[in-house]
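What follows is a single structure, written as structure tokens, with notes after it.
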2 protein chains.
Amino acid sequence: MRWSSALIPTLKETPADAVAPSHILLMRAGMIRQLGAGAYTYLPLGLRVLKKAEAIIREEMDAAGAFELLMPALQPIELWKESGRFETFGDLLMKLTISGGHHMALGPTHEEVVTDLVRDLISSYKQLPITLYQIQTKFRDEPRPRFGILRTREFLMKDAYSFDADVDQLNASYDAMYEAYCRTFDRCGLPYVVVEAESGPIGGDASHEFMVPCSTGEDKVIQCLACGYAANQEKAEVGAVADAPARTIAADAPAYEAVRTPGRKTIRDVCAFLKVAEPTSGKLLVYLADGKPVAILLRGDHEANEAKVRRAFGATTLAPADADSIQKATGAPIGFLGPVAIQIPLIVDKAVAAMETIVVGGNEVDVHLTGVVPGRDFKLDRLADLRNADDGDPCPRCGAAMVVKAGLEIGHVFKLGTKYSKAMGASYLDEKGVEIPIIMGCYGIGVNRIVAAAVEAGHDANGIIWPLNLAPYQVAVVPLSVKDAAVMAAAESIEKKLVAAGYDVILDDRDQRPGFKFKDVDLIGVPLRVVIGERGLKEGKIEIKWRHETEAQSLPLETAGDSILAELKAAEEKHHNTCLVNRSKREAAKSS
Amino acid sequence: MRWSSALIPTLKETPADAVAPSHILLMRAGMIRQLGAGAYTYLPLGLRVLKKAEAIIREEMDAAGAFELLMPALQPIELWKESGRFETFGDLLMKLTISGGHHMALGPTHEEVVTDLVRDLISSYKQLPITLYQIQTKFRDEPRPRFGILRTREFLMKDAYSFDADVDQLNASYDAMYEAYCRTFDRCGLPYVVVEAESGPIGGDASHEFMVPCSTGEDKVIQCLACGYAANQEKAEVGAVADAPARTIAADAPAYEAVRTPGRKTIRDVCAFLKVAEPTSGKLLVYLADGKPVAILLRGDHEANEAKVRRAFGATTLAPADADSIQKATGAPIGFLGPVAIQIPLIVDKAVAAMETIVVGGNEVDVHLTGVVPGRDFKLDRLADLRNADDGDPCPRCGAAMVVKAGLEIGHVFKLGTKYSKAMGASYLDEKGVEIPIIMGCYGIGVNRIVAAAVEAGHDANGIIWPLNLAPYQVAVVPLSVKDAAVMAAAESIEKKLVAAGYDVILDDRDQRPGFKFKDVDLIGVPLRVVIGERGLKEGKIEIKWRHETEAQSLPLETAGDSILAELKAAEEKHHNTCLVNRSKREAAKSS
């Protein structure tokens, strides 16, 4: 491809409102343009990257034995009512009414449609296991689209669904997808971590997320660098502090005191007013668990983890109680709630049980209690891990201090179980003719997010640094003086050789200053730059430079084509070896 | 691919409600399954065909120098208001409201979005000409989806848009797309005809349609087999009957008579009642042309062509008048309208001018007039071609009798002009710095329709007959006894050789009777079948059979692999030559 006849509208300025590096650089590199909020057009260069990610995903899905199909985006609302997700998905589901008064949804995911297909296609255990996938456009009524192509209302997903006869088959299907995801992201050159995750609105009972650590990431990943444990903050357990002594209640501890804290309703205000540290305070939160009021007590500086709270109460649904419900259930106003003499079910976070004394609300307006002793002034009979793990918390596996990183989710695998197959009647007949619900799994990759994550993980002040396998062009051949016939001939000869070997090459034939051209080549992130100049040519030399390195190398012109091919092959081999190492690490971890 | 591990759920029965051959056979061959009205899932085999069509289109678009991009399906309604199409597209446009109260459309086409992009990207004549395309899912609120994947609410389109500085550039861009379409459909092996077409709701001033003649086609194509003239019935002109004598009004023709025709309102009823032939009657139709009432007079058995009527009156909009407007404008009731003494503008179809006398409505209830003489009893000063061309009508180019065929539209090219660029402000600065609206063209291919058209044009009682380039698998290798090791070894060896040469091969490894397997292979339409049996093997022979031929050929086992490759190459070469012949015919036609 000649640069002069390509469509690469690079921008000098950072677009207004863009903060995420991937947003800024994909715009500046002429790869995407905005149509509206959460809606982007992929220009030729951006589309090349998207298609390369798509091709890698497809190859790995096919290699894992999954069948590709293509399901409609427009889905009958009835299917969402049948599965019970019409309610739970809520406003994120885009809805419309079409001619004939039919109510439709624009699929944000396809569990319902694929279950509808499978209940029609599959009837016997002989047809199982089977995994189906598609690479298809999804819709989601995102209230706040942001970060360029990271959170949009329309996006390309690879979604796969496994159908198994029993749990062993499910585990094998899940492992095959897990491994295919690792290979996919390895090949894409992404520095990902796999974390244990909550399953969220999709439902189900086991899941892992594939995360790329980066500042733009909207998820928080908790990692133990000692043993390798990693989980989404929503899911991460907090380990016990092994060496904390068993606490006994001091016999001579004075009784708690009620103090006036007029208008001080937040932990920060109360602690500042009483001149105590936040970690010595407690906060009582009231929820509706399956509609019934319940309370939890956390250390003042900790954050509640609603998934843990829901599980602790054995509830199906959990929502924060509103002021009215709280007043009605506890007789106390928000801001002054406390555990002493509370009449609704209370579960206390483990961290509170380790505290000697604690400042809590007094259950009446403008009153807090100081010197409250856990286990004496309120019961500790129901303890649980109820909070988000945080920086420095002990690892649940090895007890070492964990770290928190921002992470960008690029893939997610779930064991769904029989949620959809039971609700929608997708079953098979076993060898004895008994009808059994099919066990399902579902597996998603955000194709656009691979593009964005690669930029988030690979860029510098000058622009994007694409991994070799995703780069729109792997090599940029830059003749410095396009009017010099010898220079152009040398450039074209190298281009030809590389193209013949299967590489995507862009030849920057623009009649511009070298600095101008180098800036653009760096901005669009071409991994390898080949420079051919008049002066070098006279000395029989050309120059190559890897985008991720600072130094250029000089090569003899005569063997330049072969040397460049050798460079590329070496880089591919190095990457391939890294993938193999990652793979054997995963296998070692699995067998240990 | 082994058949036993593929997902090919063939059906024995014709699905209820299916009438179109492509609908019946794609369902029966396990290529598609219905989700709901106008919504189909592509199963792996169907998706393979769709992807092959897509790949051919992409190659030809790239070869024609068009840039691929990907625009969102969700489009802001504001853009449709800006272009003025919000009204004209009407109910076919799917609309929804998303969070924040934003009104959106699901794109049935992308003129607005691409013009919005281009007014941002392009500012100088130096950036023109340029053609952009995408292969993307479209939505259309089809009130009556039908014929399987032929008319659905969601479909895959290749839509391209050209942007040019002047008419010469436009013509060159249009020709390049026209030629790319011919190559695409040639490569797909479709028996298409190119016809002149009306431009419809897209607007613009020149267009051609690419049609595959087949009984399911919803369009009517008028063809002159003598000179090659072809047009959509909506567009086709009616030639003058060269040898018709100039008609003079007989001086002694009796005056017309008013006769009572109680309750006879249709041409059929009136002619039966009066015992005259329909071609001796006339029908007067009233329209609102840009809101004003106008009338046309046609021969009773002819059909009005609204596009011609609209142009004859020089109107922008045209709609049939309702009973009230007709009564108000003419004072006469529907069913009894006639040209005599009518007070609103009247244009008479040329065919009427050739009639001696004519039966028409009397402009009062239950009255018709017989013996009315055109030119005497009403004026013939405004004559035009106002009707649909029909079987036997003279060709407008050579005068030979034309024929009508049903046709299925698979592609459409338009010269749009400046409709969108003017409405939306997409302009460029010319060499003198003058701002000029960009001239546009648009070009669509229905990817799903290629799949359906290939089946409509290629099938027999046993199933589909795929063209080689679209077939999901080009070769089916069928070992007759899968338990015989020698048979399987021979089958696998042939499979391996063909796969190595780049062919898509399915090996039918199912332990089933030969007849059962042949039926399935025929049903899914694999072009070449290779059969390996125990008996043949003992004689050192295998058998091959083309799907479109009736006789099988016997080949020596020893050289079977090479012979099959030679057969395939010969078929490809034959197809390639047909494409070349088509191309030179097109070029000859162009230069003549």
Test set (1) free of Cβ contacts under 8 Å to residues at least 24 places away in the same chain; (2) assigned by TED's automatic domain parsing to the domain that holds A:A66 - A:R449 fails condition number: (1)
Where A:L121 falls short, out of the listed (1) open to solvent by 40 Å² or more (accessible area, probe 1.4 Å); (2) more than 23 Å from B:R140 (Cβ to Cβ); (3) facing another protein chain (nearest Cβ under 8 Å); (4) free of Cβ contacts under 8 Å to residues at least 24 places away in the same chain: (1)
Flag for A:R310 being crowded, with 17+ Cβ neighbours inside 10 Å, among the charged types (D, E, K, R) and closer than 14 Å to A:L284 by Cβ: no
Subset of region A:141-166 (residues that are over 30 Å from A:L128 (Cα atoms) and either modelled with pLDDT under 95 or among the polar types (S, T, N, Q) (or both)): A:E142, A:P143, A:R144, A:P145, A:R146, A:F147, A:G148, A:I149, A:L150, A:R151, A:T152
Looking only at region A:334-344, and only at residues there that are open to solvent by less than 60 Å² (accessible area, probe 1.4 Å) and more than 35 Å from the chain's Cα centre (by Cα), the one that is farthest from A:V259 (Cα to Cα): A:I344
Selection count, region B:277-307, where residues are under 27 Å from B:Y256 (Cα atoms) and surrounded by fewer than 16 Cβ atoms within 10 Å (Cβ to Cβ): 3
Among residues of region B:142-157, those that are more than 14 Å from chain A (Cβ to nearest Cβ) and touching a Phe, Trp or Tyr at 6+ places or on another chain (Cβ under 9 Å), counted: 0
Restricting region A:31-70 to residues that are free of Cβ contacts under 8 Å to residues at least 60 places away in the same chain and farther than 25 Å from B:L79 by Cα, the residue that is surrounded by the most Cβ atoms within 10 Å (Cβ to Cβ): A:K51
Subset of region A:534-562 (residues that are open to solvent by 10 Å² or more (accessible area, probe 1.4 Å) and within 26 Å of A:A29 (Cβ to Cβ)): A:E543, A:K545, A:W546, A:R547, A:H548, A:E549, A:T550, A:E551, A:A552, A:Q553
In region A:124-141, residue nearest to the other protein chains (Cβ to nearest Cβ) [restricted to those that are over 30 Å from B:L96 (Cβ atoms) and either touching a strand residue (DSSP E or B) at 6+ places or on another chain (Cβ under 8 Å) or not in a helix (DSSP H, G or I) (or both)]: A:I130
Strands (runs of 3 or more DSSP E) completely within region A:469-552 that count 1 or more residues being without any contact (Cβ under 8 Å) to a residue 24 or more places away in the chain: A:541-546
Selection within region A:394-429 - touching a helix residue (DSSP H, G or I) at 6+ places or on another chain (Cβ under 9 Å), open to solvent by less than 40 Å² (accessible area, probe 1.4 Å) and either part of a loop (DSSP other than H, G, I, E, B) or hydrophobic (A, V, I, L, M, F, W, C) (or both): A:L408, A:I410, A:V413, A:F414, A:L416, A:M424, A:A426
Residue satisfying all of: in region B:167-199; outside any helix (DSSP H, G or I) and in contact with a Lys or Arg (Cβ under 7 Å, 6 or more places away or on another chain); modelled with the lowest pLDDT among these: B:E198
Candidates B:E82, B:E87 - the one that is at pLDDT 95 or above, in the same structural domain as B:Y161 (by TED's automatic domain parsing) and acidic (D, E): B:E82
Hits in region B:236-255 (condition: of a type outside the set (V, I, T) and either at pLDDT 95 or above or open to solvent by less than 60 Å² (accessible area, probe 1.4 Å) (or both)): B:A236, B:G239, B:A244, B:A250, B:A253
Top-ranked residue in region B:563-581 [being in contact (Cβ under 8 Å) with a residue 60 or more places away in the chain and open to solvent by 50 Å² or more (accessible area, probe 1.4 Å); ranked as nearest to B:Q474 (Cα to Cα)]: B:E572
Hey, B:A354 at pLDDT below 90 and closer than 25 Å to B:D269 by Cα or not: yes
Subset of region B:340-356 (residues that are part of a loop (DSSP other than H, G, I, E, B) and among the β-branched types (V, I, T)): B:V340, B:I342, B:I344
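The values are calculated or read from the model by the stated rules, or taken from the named source; none is laboratory data. All values derive from a computational prediction rather than experimental measurement. A quick note on method: Cβ atoms are made from the backbone with ideal geometry, for glycine too, and the neighbour counts reach across all protein chains shown. All accessible areas refer to the heavy atoms of the entire protein, side chains included, with ligands and DNA or RNA removed. Shrake-Rupley method; radii C 1.70, N 1.55, O 1.52, S 1.80 Å.
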